[in-house]
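Enquirer: The structure that follows is given in the form of structure tokens.
The values are calculated or read from the model by the stated rules, or taken from the named source; none is laboratory data. Because the structure is predicted, anything quoted here is derived from the model rather than measured. For neighbour counting, all protein chains shown are included, and Cβ atoms are generated from backbone atoms with ideal geometry for every residue, glycine included. When the accessible area is computed, the model is the full protein with side chains, heavy atoms only, and any ligands, DNA or RNA have been set aside. Shrake-Rupley method; radii C 1.70, N 1.55, O 1.52, S 1.80 Å.
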Amino acid sequence: MQWMTVFSKELLEDWRSYKWIWVPLVFILLCIMDPLSSYYLPQILEAVGGLPDGTVIEMPETLPEEALMMSLAQLSMIGVMIIAAITMGVIAGERKSGVAELVLVKPIPYLTYITAKWAAKLLLIFSSYLLGMLASWYYVNLLFGEISFLKFMGVFFFYFIWLAFVTTLSVFYNTTVKVPGLVISYTLLTLIVMSVLYKIFAHIMPWFPNSISTHLMRFVMENNIPGELWGAAGITAVLSVILLVLSNYVFKTKEMAD
Amino acid sequence: MDELQQLIDILPIIAPVIVIQLILMLVALVSLIRADDTNGPKWLWAILILFFSLIGPILYFIVGRRQS
Amino acid sequence: MAVIKVQGLKKKFKGAEIIKGLDFQLETGRCVALLGPNGAGKTTTLRILSGLLKPTDGTVLFEGREKNRDIRHFIGYLPQYPVFHSWMSGKEFLVYVGMLAHLPKKEAGERAEKLLKKVDIYEAGNRKIASYSGGMRQRLGIAQAMIHQPQLLLLDEPVSALDPIGRREVLTLMEELKEQTTILFSTHILGDAEEICDDLLLLHKGKIVEKGAIEELRNKNQSAKFELKFSSNSLTYFERIKSMDIVQDCLMVKSEIHVQVKDIEKARQQILAASIKNNWPLVKFELSRTSLEDLFMKVVKN
């Protein structure tokens, strides 16, 4: 009941601040940008000119699987940054402005407040990501060749676990500091540190959250789900739950007026 | 003629992309016009939105809109 | 019966003790002013009572509360500078916080309408809060604090930031709310406190220096003052008045003599008798009661 109240208030706020329009549109563009431009690269180069007459452009054939993964590559950079940006103030913003002082003196459990906000943002991100990937899937099928529905679903599902983790990380930092700018800095910094760690220790941590996209590449190429993918996905999901529990704990021990 | 034919071939595929970009730009402009207050002058945001497709609107929505 | 009992309440911030052990209780149905100069610890006290801050030491007890029930059910709180979701309308915000306080949607809507009327911003109820004036926001703030019919209403400086008209409106509103609930409000303006409160808690440097019913305090701290003026130089009579045994203190203020006395009746007789006997050219003889103002000033200056 209270959970739904916060959840729907959050959806309404994101609707009135145009997030429910611009985030899906941006995700669609992000997802189809690379497959499209790589398909039309020869024509683009030709149109731009600058190449001497008679140059034959030899491009290695792009496989449909590779094209689909291009979308994820875009999401892993700009997509993640946008997720961090639209979630940086989800709780911190209310505490910074002072609205939290009115909201949190009402008898609402902190866990309700946190998870409802988290779920509302996750729904926005899920929907945007779904639309983006569907668009990408459509174009890949059209331009590069067929990708089965199951394979698409596999990629979509496993990569969403990573995006959900990013969202949860940002929500967690929201409970620790009340300046949205700091929240996004901490979130992105943590993600950078994680990716560096993974680059160095990839061979000994096949289950690390950042490994999901590596394993996904194998999954689409080899057509069966590698065990490490399940492992990494499981670990990432568990980490997200831990982060949520931790957020609640931090929030409880914190003094809301500070 | 060859190039024209090429363009006609490509158009149905590229058109949705252009339409989405236009919608994004339009929504950003509507939001900008209706906003009471923005971080930074409105005309500057208008230029950014109009001339830097994708990046302009994204930046406006994230940085330019003042949170309540 | 007491709504709330506070015992040995202490609060430290970064080593500095802001609240140095408060003991008081609030009786049901009373309107209590938490009076004190800036920095006395009023806001901190209210924030502890509202649950936003945790006390370093001491207890806050809610009488008649079921075990383990969230204290926030019993409290309505208005911070000094209330901030709302300004993209919402006033009514939307009230319904939102009402539902957070466990009201069903329909009931929250009815309560919101009622309160909007009560605080007299009904016409603006469907407008964005962003367009509200300071006084309207303050009244919306009181409405949101009342939404779940709390047993205790905590108001932090509810009128300080308002212009005279807004102040009057909010004070009138509080006068009405007194009938429905117990109110604890902070202020640094004695006049506001005297105007509407029943009881007074005088807070200074984190301690309660005086508390009680306002009438009691007034009587307790009352001393009477006569203001005398003579058509010739008043100084001539100063020493003679000062030497009277009923006079506590005697002061020259411009060309007037201010005489502090204990017993008003005796003093009036003596002074008037002396002036008739000696044919003093008395042109002004006025009684003025010193009020809580002096008590307040005395406390604040120390």
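Enquirer: Which residues' amide hydrogens lie under 5 Å from the amide hydrogen of C:GLY76, considering only partners 5 or more residues apart or on another chain, with H built in the peptide plane?
Expert: C:LEU152, C:LEU153, C:LEU154
Enquirer: Please figure out what share of the DSSP beta bridges in chain C is antiparallel and state it in percent, rounded to the nearest 5.
Expert: Working: 39 of 57 bridges.
Around 70 percent antiparallel, to the nearest 5.
Enquirer: To continue, here is another question. Roughly how big is the A-C contact, given as buried accessible area in Å² (both sides, 1.4 Å probe, nearest 100)?
Expert: Numbers: alone 13240 and 15790 Å², together 26260 Å².
About 2800 Å² of accessible surface is lost on pairing.
Enquirer: Can you give the accessible area of A:LEU191, probe radius 1.4 Å, in Å² rounded to 10?
Expert: 20 Å²
Enquirer: Summing -39500 (n - 2.57) over the DSSP H runs of n ≥ 4 in chain C and dividing by its residue number, what mean residue ellipticity at 222 nm do you reach, to the nearest 500 deg cm²/dmol? Let's see the in-between values first.
Expert: Values: 10 runs with 107 residues, N = 302.
Taken over chain C, the calculation gives -10500 deg cm²/dmol.
Enquirer: Per residue, how many Å² of accessible area does the stretch B:7-63 show with a 1.4 Å probe?
Expert: Numbers: 3370 Å² over 57 residues.
Here the residues of the stretch B:7-63 average 59 Å² of exposed surface.
Enquirer: In whole percent, and with a 1.4 Å probe on the protein chains, what portion of the accessible area of the stretch C:19-102 is carbon and sulfur? Kindly include the intermediate steps, with their values, before the conclusion.
Expert: Working: 1440 of 3130 Å².
It is 46 percent, rounded to a whole number.
Enquirer: In peptide A:92-103, how many Cβ atoms from other protein chains are near each Cβ within 10 Å, on average?
Expert: Averaged over the peptide's residues, the number is 5.
Enquirer: Show me you know the interface measure: the accessible area buried between C and B, both chains summed, probe 1.4 Å, in Å² to the nearest 100. Don't jump to the answer; show the numbers that get you there.
Expert: Numbers: alone 15790 and 5430 Å², together 21050 Å².
What C and B bury together is about 200 Å².
Enquirer: Plugging the Kirkwood radius over Cα pairs into Stokes-Einstein for the stretch A:163-258, at a temperature of 20 °C and a viscosity of 1.002 mPa s, what D comes out in µm²/s?
Expert: On the way: Rh = 14.7 Å.
Taking Rh from Cα pairs, D becomes 146 µm²/s.
Enquirer: Only Cα pairs under 8 Å and at least 6 apart count here; give the relative contact order of chain C as a rounded whole percent. Each step should come with its number before you reach the end.
Expert: Details: 543 pairs, mean separation 61.4, N = 302.
Value for chain C: 20 percent.
Enquirer: Still on this structure: Would you jot down the residues in the stretch A:16-38 that end up with at least 50 Å² less accessible area in the complete protein assembly than in the chain alone, with a 1.4 Å probe?
Expert: Checking the loss per residue gives A:ARG16, A:TYR18, A:TRP22, A:LEU25, A:LEU29.
Enquirer: Just tell me how shielded C:86-92 is by partners: mean number of partner chain Cβ atoms within 10 Å of each residue's Cβ, no decimals.
Expert: Per residue, the number of nearby Cβ atoms from other chains is 3 on average.
Enquirer: For chain C, what is the Kirkwood hydrodynamic radius in Å, using each pair of distinct C-alpha atoms?
Expert: Working: mean 1/r = 0.0455 Å⁻¹.
Across chain C, the inverse of the average 1/r is 22.0 Å.
Enquirer: How large is ³J(HN,Hα) for each residue in the stretch C:254-260, as worked out from phi by the Karplus curve 6.51 cos²θ - 1.76 cosθ + 1.60 (θ = phi - 60°), to whole Hz, x for Gly and Pro?
Expert: Each residue of the stretch C:254-260 in turn: 6, 9, 10, 9, 9, 10, 8 Hz.
Enquirer: Could you go through the stretch A:179-194 in sequence order and give the Karplus-derived ³J(HN,Hα) for each residue, using 6.51 cos²θ - 1.76 cosθ + 1.60 with θ = phi - 60°, rounded to whole Hz, and x for Gly and Pro?
Expert: 10, x, x, 6, 4, 5, 4, 4, 4, 5, 4, 4, 5, 5, 4, 4
Enquirer: Turning to a different aspect of this structure: In peptide C:41-54, what is the residue-averaged number of other protein chain Cβ atoms found within 10 Å of each Cβ? Write out the running numbers ahead of the final one.
Expert: Values: counts 0, 0, 1, 1, 0, 1, 6, 2, 0, 5, 6, 8, 4, 5.
Per-residue shielding by partner chains comes out at 3.
Enquirer: While we're on this one: Given a 1.4 Å probe, how much area per residue of the stretch A:170-258 is accessible, in Å²? Walk me through the intermediate numbers first.
Expert: On the way: 4460 Å² over 89 residues.
I get 50 Å² per residue for this part.
Enquirer: Let me ask something else about it. Between the stretch C:12-54 and the stretch C:129-159, what's the alpha-carbon centroid distance in Å?
Expert: About 19 Å separates the Cα centre of the stretch C:12-54 from the one of the stretch C:129-159.
Enquirer: For each pair in A:LYS117/C:LYS14; A:LYS9/A:LYS96; A:LYS254/C:LYS118; A:LYS254/C:LYS178; A:LYS117/C:LYS42; C:LYS242/C:LYS277, compute the distance between the two Cα atoms and list the pairs where it is over 27 Å.
Expert: Numbers: A:LYS117/C:LYS14 32 Å; A:LYS9/A:LYS96 18 Å; A:LYS254/C:LYS118 35 Å; A:LYS254/C:LYS178 33 Å; A:LYS117/C:LYS42 33 Å; C:LYS242/C:LYS277 17 Å.
Pairs exceeding the cut-off: A:LYS117/C:LYS14; A:LYS254/C:LYS118; A:LYS254/C:LYS178; A:LYS117/C:LYS42.
Enquirer: Let me ask another. Can you compute the FRET efficiency between C:LYS254 and A:LEU123 using 1/(1 + (r/R0)^6), with r the Cβ-Cβ distance and R0 = 51 Å? Round to the nearest 0.05. Don't skip to the end; give the middle numbers.
Expert: On the way: r = 74 Å, r/R0 = 1.46.
After rounding to 0.05, the efficiency reads 0.10.
Enquirer: Another question, if that's okay. Apply the Kirkwood formula to the stretch B:7-63: the hydrodynamic radius equals the inverse of the mean of 1/r over all pairs of different alpha-carbon atoms; give it in Å with one decimal. Present the calculation step by step, with values, prior to reporting the outcome.
Expert: Working: mean 1/r = 0.0830 Å⁻¹.
It works out to 12.1 Å.
Enquirer: May I ask you to order C:138-145, A:68-75 by the average number of other C-beta atoms within 10 Å around their residues, highest value first?
Expert: Per-residue Cβ counts within 10 Å, averaged per peptide and sorted highest first, yield C:138-145, A:68-75.
Enquirer: With the full set of protein chains in place, find how many percent of the accessible area of the stretch C:132-232 is carbon and sulfur; take the probe as 1.4 Å. Don't skip to the answer; put the middle values down first.
Expert: Details: 1790 of 3760 Å².
For the stretch C:132-232, the apolar C and S fraction of the accessible surface comes to 48 percent.
Enquirer: As a test of reading the structure, rank A:GLU222, C:GLU256, C:GLU216 by solvent-accessible area (1.4 Å probe, protein chains only), most first. Walk me through the numbers on the way to the answer.
Expert: Values: A:GLU222 100, C:GLU256 35, C:GLU216 125 Å².
So, going from the largest accessible area down, we get C:GLU216, A:GLU222, C:GLU256.
Enquirer: If we count every other residue with Cβ under 10 angstrom of C:GLU157's Cβ, Lys/Arg +1 and Asp/Glu -1, where does the sum land? Before the final figure, lay out the partial values.
Expert: On the way: positive: C:LYS42; negative: C:ASP156, C:ASP192.
Result for the neighbourhood of C:GLU157: -1.
Enquirer: Same structure, new question: When the Kirkwood radius is taken over all Cα pairs of the stretch C:127-272, what Stokes-Einstein diffusion coefficient follows at 4 °C and 1.567 mPa s, in µm²/s? The partial results should precede the final answer.
Expert: Values: Rh = 19.1 Å.
For the chosen part, D equals 68 µm²/s.
Enquirer: What residues of the stretch B:13-28 lose no less than 30 Å² of accessible area with every protein chain in place versus their chain by itself (probe 1.4 Å, heavy atoms only)?
Expert: Those are B:ILE13, B:VAL17, B:ILE20, B:LEU24, B:VAL27, which lose 30 Å² or more relative to the chain on its own.
Enquirer: Add -39500 (n - 2.57) for each DSSP H run of 4 or more in chain A, then divide by its residues: what number comes out at 222 nm, to the nearest 500 deg cm²/dmol? Walk me through the intermediate numbers first.
Expert: Numbers: 12 runs with 196 residues, N = 258.
That comes out to -25500 deg cm²/dmol.
Enquirer: Taking 10 Å² as the minimum loss, tell me which residues in the stretch B:31-68 lose that much accessible area going from the chain by itself to the full protein complex (1.4 Å probe).
Expert: Listed in order, they are B:SER31, B:ARG34, B:ASP36, B:LEU54, B:ILE58, B:PHE61, B:ILE62, B:ARG65, B:GLN67, B:SER68.
Enquirer: Here is a follow-up. If you rank C:MET146, A:MET1 by how much accessible surface each has, with a 1.4 Å probe, what is the order from largest down? Walk me through the intermediate numbers first.
Expert: Numbers: C:MET146 10, A:MET1 130 Å².
Putting C:MET146, A:MET1 in descending order of accessible area: A:MET1, C:MET146.
Enquirer: If you don't mind, there's one more thing I want to ask. How large is the accessible surface per residue of the stretch C:81-148, computed with a 1.4 Å probe and reported in Å² as a whole number? Show your work: numbers first, answer last.
Expert: Numbers: 2730 Å² over 68 residues.
That works out to 40 Å² per residue.
Enquirer: Let me check I've understood the local charge: for C:MET252, count other residues with C-beta under 12 angstrom from its C-beta, Lys and Arg +1, Asp and Glu -1. What total comes out?
Expert: Values: positive: C:LYS229, C:LYS242, C:LYS254; negative: C:GLU227, C:GLU239, C:ASP249, C:GLU256.
Net of charged neighbours comes to -1.
Enquirer: For chain A, what's the relative contact order in percent, using C-alpha pairs closer than 8 Å and at least 6 residues apart? It would help to have the intermediate numbers written out before the result.
Expert: Numbers: 271 pairs, mean separation 69.6, N = 258.
In percent, rounded to a whole number, it is 27.
Enquirer: If you don't mind, there's one more thing I want to ask. Could you tell me the relative contact order of chain B? Use alpha-carbon pairs under 8 Å, at least six residues apart, and round to a whole percent.
Expert: Numbers: 41 pairs, mean separation 21.7, N = 68.
After rounding, I find 32 percent.
Enquirer: With a/c under 1.5 counting as rounded, go ahead and sort the stretch C:47-169 into rounded, prolate or oblate using the C-alpha gyration tensor (a ≥ b ≥ c being the square roots of the eigenvalues; past the cut-off, prolate if a/b is larger than b/c, else oblate).
Expert: Numbers: a/c = 2.19, a/b = 1.38, b/c = 1.58.
Oblate, because a/c is 1.5 or more while a/b does not exceed b/c.
Enquirer: Next up: Nearest 100 Å², what total accessible surface is buried between chain B and chain A (probe 1.4 Å)?
Expert: Working: alone 5430 and 13240 Å², together 16810 Å².
Roughly 1900 Å².
Enquirer: Continuing with the same structure: Report the net charge of residues surrounding A:GLN43, where surrounding means a beta-carbon distance below 11 angstrom and charges are Lys +1, Arg +1, Asp -1, Glu -1.
Expert: Result for the neighbourhood of A:GLN43: -3.
Enquirer: A follow-up question, please. If you filter the stretch C:226-293 for trypsin sites (Lys or Arg not before Pro), then keep DSSP loop positions with at most 10 other Cβ within 10 Å, what is left?
Expert: On the way: sites: C:LYS229, C:ARG240, C:LYS242, C:LYS254, C:LYS262, C:LYS266, C:ARG268, C:LYS277, C:LYS284, C:ARG289; in loops: C:LYS254, C:LYS262.
For trypsin sites (Lys or Arg not before Pro) across the stretch C:226-293 that sit outside H, G, I, E and B with at most 10 neighbouring Cβ atoms in 10 Å, the list reads C:LYS254.
Enquirer: What are the ³J(HN,Hα) values, in whole Hz, obtained from phi via the Karplus relation 6.51 cos²θ - 1.76 cosθ + 1.60 with θ = phi - 60°, for each residue of the stretch C:154-166 in sequence order, with x given for Gly and Pro?
Expert: Working through the residues one at a time gives 9, 10, 9, 6, x, 10, 4, 8, 9, 6, x, 5, x Hz.
Enquirer: Semi-axes, largest first, in whole Å: what does sqrt of 5 times each Cα gyration tensor eigenvalue give for the protein assembly as shown?
Expert: With the √(5λ) rule applied to the protein assembly as shown, the semi-axes are 70, 26, 21 Å.
Enquirer: Keeping the other protein chains in place, figure out the carbon and sulfur percent of the accessible area of the stretch B:7-63, with a 1.4 Å probe. Before the final figure, lay out each step's value.
Expert: On the way: 2670 of 3370 Å².
For the stretch B:7-63, the apolar C and S fraction of the accessible surface comes to 79 percent.
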